[in-house]
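The values are calculated or read from the model by the stated rules, or taken from the named source; none is laboratory data. On a predicted model such as this, the values are computed, not experimentally measured, just so you know. Reconstructed Cβ throughout: ideal geometry from the backbone, glycine too, with neighbour counts over all protein chains shown. Please note that ligands, DNA and RNA were not included when accessible areas were found on the heavy atoms of the full protein model with its side chains. Shrake-Rupley method; radii C 1.70, N 1.55, O 1.52, S 1.80 Å.
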Amino acid sequence: MTTGEEVLDSPTNWVAEHINRYVDTDGADGHEWRPGVFTLLLTTRGRRSGTLRRTALIYGRSGDAYAVVGSQGGAPRHPAWYLNLLADPHVEVQVGADRFTARARTATPDEKARLWPVMTAIWPAYDDYQAKTDRDIPVVLLERA
């Protein structure tokens, strides 16, 4: 991804405010979103617009990779960030003060079976979100480039 490009933050107001605090403080305010629930910032390239788009996501770990869930609260459609990384898996990630490029990929069914309980231990509502939708909510692995 090109440095110096404008990045558009989530259009959801409270998420955009979270992102701004996170960026302004190098994650000191925002990395731990709630007690024991940590977030990262994911920047993808818009699949139609080509614009860089940033959102905050709860994460877990899988070895050296970061795991995130494309839940969108159990909505019937995948979140835009997930559709963007399917089109272009080269992403930027910020975890606390650590910023790096990564390659995103959807977890295999075996990986998802292992990671889903890890992620629901962090955020139990993921099970509720999956029950609300017919789509298979993806787990995504962000692997440092």
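Inside region 25-53, can you point out the residues that are charged (D, E, K, R) and in a strand (DSSP E or B)? Listed by number, the residues that qualify are 32, 34, 45, 53.
Taken as a whole, the condition of being among the aromatic types (Phe, Trp, Tyr), open to solvent by 60 Å² or more (accessible area, probe 1.4 Å) and touching a residue at least 24 places away in the same chain (Cβ under 8 Å) does not apply to residue 14.
As a summary of the residue check, residue 61 satisfies the conditions (1) more than 22 Å from residue 121 (Cα to Cα); (2) surrounded by fewer than 16 Cβ atoms within 10 Å (Cβ to Cβ) except for the one numbered (1).
Scan region 122-144 residue by residue and report those that are aliphatic (A, V, I, L, M) and not in a helix (DSSP H, G or I). Scanning region 122-144 gives 137, 139, 140, 141, 142.
Taking only region 92-121 into account, find how many residues are of a type in the set (Val, Ile, Thr), assigned to a helix (DSSP H, G or I) and either surrounded by 16 or more Cβ atoms within 10 Å (Cβ to Cβ) or touching a Cys at 6+ places or on another chain (Cβ under 9 Å) (or both). Looking only at that region, the number is 1. The set of residues in region 106-136 that are out of contact with any strand residue (DSSP E or B) (no Cβ under 6 Å at 6 or more places or on another chain) and of a type in the set (A, V, I, L, M, F, W, C) comprises 113, 116, 121, 125, 131.
Annotation note: of 21, 45, 34, 53, the sole residue that is open to solvent by 20 Å² or more (accessible area, probe 1.4 Å), closer than 30 Å to residue 134 by Cβ and free of Cβ contacts under 8 Å to residues at least 40 places away in the same chain is 34.
Looking across region 99-113, the residues that are of a type in the set (D, E, K, R) and free of Cβ contacts under 8 Å to residues at least 40 places away in the same chain come down to 99, 105, 110, 112.
Of the candidates 67, 16, 56, the single residue that is in contact with a strand residue (DSSP E or B) (Cβ under 7 Å, 6 or more places away or on another chain), in a helix (DSSP H, G or I) and among the small types (Gly, Ala, Ser) is 16. Per the listing 77, 47, the residue uniquely touching a Leu at 6+ places or on another chain (Cβ under 7 Å) and under 21 Å from residue 137 (Cβ atoms) is 47.
In region 129-137, is there at least one residue being without any contact (Cβ under 8 Å) to a residue 24 or more places away in the chain, surrounded by 14 or more Cβ atoms within 10 Å (Cβ to Cβ) and either out of contact with any helix residue (DSSP H, G or I) (no Cβ under 6 Å at 6 or more places or on another chain) or more than 18 Å from residue 75 (Cα to Cα) (or both)? Scanning region 129-137 turns up no residue that is without any contact (Cβ under 8 Å) to a residue 24 or more places away in the chain, surrounded by 14 or more Cβ atoms within 10 Å (Cβ to Cβ) and either out of contact with any helix residue (DSSP H, G or I) (no Cβ under 6 Å at 6 or more places or on another chain) or more than 18 Å from residue 75 (Cα to Cα) (or both).
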